[in-house]
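Worksheet for the structure shown next.
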Amino acid sequence: MAHDKLDHQHLEQNVRQFLSDRNDDGTVRIKESTTIEFKASFSSWSKPSYAKTMSSFANNCGGYMIFGVTDFPRQIIGLKHNSDFEYIKPENFTKQLNLFFLPAIEYDMGTITLKEGGGCKDSSPEKKIGWIYTFESEMKPVMASKGCRSENVTAGDMFYRYSDRTEKMKLPEMSRIISERVTKELNRIRLLGSVIQDFIGKFFSEYSNNSYGPAVFFKPSVAEKTESLPLSTAIDERIPHSPGLMEPTVKCPDKFQPIRDPRFYFGNS
């Protein structure tokens, strides 16, 4: 289940913390996991690969891709001067992500600088690190909207982050995600029903549907103001209407007034 989103500063602090925890030889202590993937460099040509990894994070619980760190050993080498990462335009990157996967993958990104050796008094040069954080999707499953031969992706494929690997989603995870999605949609329907019930209870004292057509009656406190309601003078043609039947009406203090606003039209089929 999706969690509250972390802000940019918090995400950046997490990256610093991951990379500041070093072994005696200066290598990074933390390993790749369900939420972390290291990349030695960033290349614009590898965006389909990055999109695939990001979709796997989105289908699990979110995660970081950190650029400028090798995996074997986990050494900070930094991004090259004039790296493609420094020239990413978020709007273009988002557009390319959405070409490969839907629903839209939400993410944040940035850069930090760190000493290669890790210590504050270390004389080694600073290294620039790039990071992209993918948020857990609120609309799982995220799936491939088109194929990509270089990444062995077929339209409809779904990926999931298993330990330190991105793989096609397996049945247990797929079943769980579908079950969670169904439960979420049912809760939304229940909430909508509750909102509608509260609305009807607040504004209407009676609703009837008989052979003459449906009619709604405002409560007295609302009916007194009915004459000033901005009712439309035309019925939406998309709403079924049978000639000869009484139109839906609002009961006013001394008269019945047809409801012309489609929002109040309950309709006949």
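No lab work stands behind these numbers, since they all come straight from the coordinates. All of these numbers come straight from a predicted model, not from anything done at the bench. With ideal geometry, Cβ positions are generated from the backbone for all residues, glycine too; neighbour counts draw on all protein chains shown.
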Would you mind computing, in nm to one decimal, how far apart the modelled labels at GLN197 and TYR162 are, each placed 7 Å from Cα along Cα→Cβ? 4.4
What residues from the range 41-75 fall in the zone where the backbone N is under 17 Å from a label point 7 Å along the Cα-to-C-beta line of LEU99? 43-55
As a footprinting exposure proxy, order ILE66, ILE88 by other Cβ within 10 Å, with the fewest listed first. ILE88, ILE66
Please report SER83, SER33, SER137, SER163 as a ranked list, fewest other C-beta atoms within 10 angstrom at the top and most at the bottom. SER163, SER33, SER83, SER137
Just the projected area, averaged over all directions, of the convex hull on the alpha carbon atoms of the range 8-182: how many nm²? 10.4
Where in the range 89-113 does the amide nitrogen come within less than 20 Å of the point 7 Å from the Cα of ARG181, taken along Cα to Cβ? 97-107
